[in-house]
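Written out below as structure tokens is the structure these notes cover.
Throughout, read-outs are computed from the coordinates displayed, never taken from laboratory work. Source: prediction; values computed, not measured. FYI the Cβ positions are ideal-geometry reconstructions off the backbone, even for glycines, and counts take in every protein chain you see.
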Amino acid sequence: MNDTWLVVLFVGIATAAFKASGPVAIGGRELPPRLLRLVEALAPALLAALVATQAFATDGELVLDARALGLAAALVAIVFRAPVLVTIVVAAVVTALARA
Amino acid sequence: MTTEPAVHAFRDSLRRGVRDAVPLAIAVALFGVSFGVLAKSAGFGGIATVVMSLTTFSGAAQFASVSIIRDGGGAAAAITAAALLSARFIPIGLSVAPVLRGRVPARFAKSQLVIDESWAVASRGGGLFDAGALVGAGLLLYVAWLAGTLVGVAGGGLLSDPEALGLDAAFPALFLALLAPNLRKRRLLVAALLGAGIALVLVPFVRPGLPVVAASLACLVGWSRR
């Protein structure tokens, strides 16, 4: 097997296994209150980390580029209670203009 | 559990998930095109590229591993990088596990529709998730990702430059929009700030993917206090 198919096979297996681990192990069952309290804070922690890395990181380096302007514009949209769709479009348009 | 109202409720939230994911599907499809083009330039055959989008369904893992192969990094490095990037699906999967019901094969199938975007769209705050919205958004984004990959493989690379359109900024904007309602609760605000802080501090020092995984530790903040 060449590198290409090795990568397809093992990246696929690893990603599928990670995605499935929680739902297959405990799927459908109510979490105990203490664990639910953890999961409640897990979403904002992960969302914030995704915002930070996708807006300010490229290939293991911190960068400040057009995406930061787009994110700032998104923040303004959110403060003015824009729908999610509008927020996303505003971010993309501002980023595209900054790059043009 | 499968009474009529429950089925209707599931169908409604499925539809809501599809609707909420439409703008994301456009961005995901265009990134699918550029993935197809990138994989071709890395020497991946058309079938291998499409099979990867079918079975992996994670932009981050696919872009990273294929780029490493293109740059001559070897299979082991490519697989390691992708596994690190996908490790965040362990905490993400855990957070949606309570609402993914059914037998093991059904739970497995639904769990594969979890990507950052479908998970975010299904988030209802307070640690709660909408299974229907997750499946609806996940299915639409899956189709978009596959369609984009096919177009890219078929040589449609000239059609799109997602970054010129600013679409890479659409995803952090989405996550910020879905994060915002959480921030009124003090403990969740602290968890978010801590999560972002941990991730940013680690970015220059560890392999890509690990910062987000480490950020999940921020959920421990204020846990023991009632």
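Here is the size of chain B from its Cα atoms: Rg then Dmax, 18.3, 57 Å.
When each full DSSP H helix of chain A is screened for a Cα extent of at least 30 Å along its own axis and an average Kyte-Doolittle hydropathy of at least -1.0, the helices passing are A:3-26, A:33-56. What is the local net charge at A:Leu50, summed over the other residues whose Cβ is closer than 11 Å to its Cβ (Lys, Arg +1; Asp, Glu -1)? Here the count lands on -1. Applying the criteria of a DSSP loop state and at most 11 other Cβ atoms within 10 Å to the chymotrypsin sites (Phe, Trp or Tyr not before Pro) of the range B:154-226 yields B:Phe205.
For A:Leu6 and B:Asp161, FRET efficiency with R0 = 22 Å and r from the beta-carbon atoms, rounded to 0.05? Working shown, then result.
Values: r = 30 Å, r/R0 = 1.36.
The value I calculate is 0.15.
Judged by the ratio a/c of the largest to the smallest principal axis of the C-alpha gyration tensor, the range B:41-119 counts as prolate, that ratio being 1.5 or greater while a/b is larger than b/c. Per-residue packing, averaged as other Cβ atoms within 10 Å, sorts the ranges A:84-96, B:96-108 into the order A:84-96, B:96-108, beginning with the highest. Straight-line cross-link reach from B:Lys110 at under 14 Å between alpha-carbon atoms covers these aspartates and glutamates, not counting any fewer than eight positions away in the same chain: B:Asp130.
Taking other residues whose beta carbon is less than 14 angstrom from the beta carbon of B:Ala214, and scoring Lys, Arg as +1 and Asp, Glu as -1, yields +2. By the gyration tensor of its Cα atoms, with a ≥ b ≥ c the square roots of the eigenvalues, what is the shape of chain A: rounded for a/c under 1.5, prolate for a/b over b/c, or oblate? Since a/c reaches 1.5 but b/c is at least a/b, the shape of chain A is classed as oblate. Taking the Cα centre of the protein assembly as shown as origin and assigning +1 to Lys and Arg Cβ atoms and -1 to Asp and Glu Cβ atoms, the resulting dipole is close to 1260 debye. Over the range B:42-172, the ratio between the Cα radius of gyration and 2.2 N^0.38 Å evaluates to 1.13. Shown for A:Ile26, B:Ile92, B:Ile79: other C-beta atoms within 10 Å of each C-beta, ranked fewest to most, produce the order A:Ile26, B:Ile79, B:Ile92.
With the convex hull constructed from alpha-carbon coordinates only, the protein assembly as shown shows a mean projected area of 16.3 nm² over all directions.
Legend: helices of chain B (whole DSSP H runs) are marked when their alpha-carbon atoms reach 15 angstrom or more along the helix axis and their mean Kyte-Doolittle hydropathy is at least 1.6; marked are B:75-86, B:131-153, B:186-202.
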